[in-house]
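Before any comments, here is the structure.
Just so it is clear, none of the values below were taken in a lab; they were calculated from the coordinates. Predicted model, so just to flag it, every value in this text is computed and none were measured. Don't worry about glycine lacking a Cβ; one is built from the backbone with ideal geometry, like all the others, and counts go over all protein chains shown.
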Amino acid sequence: MLSCDLSYRRGQFELNIALQTQAQVTGILGTSGSGKSTLLKVLAGLLKPQQGRIEFNEQVFFDSQTRQYTPSYQRHVGLVFQDGQLFPHLNVRQNLLYGYRYLKPAQRRFELAQIVALLDIDALIERRITQLSGGEAQRVALGRALLYSPRLLLLDEPLSALDTRLKQQILPFFARIRDEIQIPMIYVTHQPQELEYLQADILHMAQGKLIHLP
């Protein structure tokens, strides 16, 4: 279960989040500037709240009262951005294994062959990043995040840079992650259809706050 009750302020913007979810996919809808990406960065440990508490599966990520703060690299959370953010100087195989190689053997939940098969990227494995289409690059970015063996997967508008055809190709891979690997996902998007396809528990964000949709 993910539980958080926090406040994060930056300039004139304030994020005030109260959330408890144990859904396999939690979807967050909202307009640009509503705080969706900021929330994911707070959960990942890239931004530190001023007040509150974040707990995931009995591990405390942040608690302002006890001054506990778990840094990003110890949270074991995967974060996938809309542009993939692959390393252009590395080929597909090297990108996939970037986080994996830093894990101890006991921490590795998945192997390269398993993720390559799950995402159908075997034919891409030796390609350079510049040779990939947008959809292929996003699948590689997703594979890299999965090979890090995350306990929680944060998806920041992962399909927004793709056309409708590519979105329809990639959404089934997210469904396979939900069904076969069963990593909890927080999925941020502008498109409710993506969340409906994934049978997500849908929340709406406006002005830094979350509400359930009717």
Round to the nearest 10 and give me the degree value, 0 to 90, for the angle of helix 134-147's Cα axis relative to the longest principal axis of the chain.
70
Kindly rank 37-46, 179-188, 134-143 from highest to lowest mean number of other beta carbons found within 10 Å of each residue.
134-143, 37-46, 179-188
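Between Thr164 and His89, what FRET efficiency comes out of the Förster formula 1/(1 + (r/R0)^6) with R0 = 30 Å and r the beta carbon distance, rounded to 0.05? Working shown, then result.
Working: r = 32 Å, r/R0 = 1.05.
Efficiency computed from Cβ-Cβ geometry: 0.45.
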Please work out the Cα center distance from region 54-83 to region 91-125, rounded to the nearest Å.
23
Distance in nm between pseudo-label sites at Leu47 and Thr31 (7 Å out along the Cβ direction from Cα)
1.8
Residue span Leu103 to Thr66: 0.36 nm per residue of separation minus Cα-Cα distance leaves a gain in nm of 10.4 nm
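Given a Förster distance of 22 angstrom, what is the FRET efficiency for Met1 paired with Gln199, based on the Cβ-Cβ distance and rounded to 0.05?
Values: r = 18 Å, r/R0 = 0.83.
So the FRET efficiency works out to roughly 0.75.
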Label model pair Phe13, Gln131: point-to-point distance (7 angstrom along the Cα→beta-carbon line) in nm is 3.8
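Can you give the relative contact order of the chain as a percent, counting alpha carbon pairs under 8 Å and 6+ residues apart?
Values: 400 pairs, mean separation 66.1, N = 214.
Computed over the chain, the figure is 31 percent.
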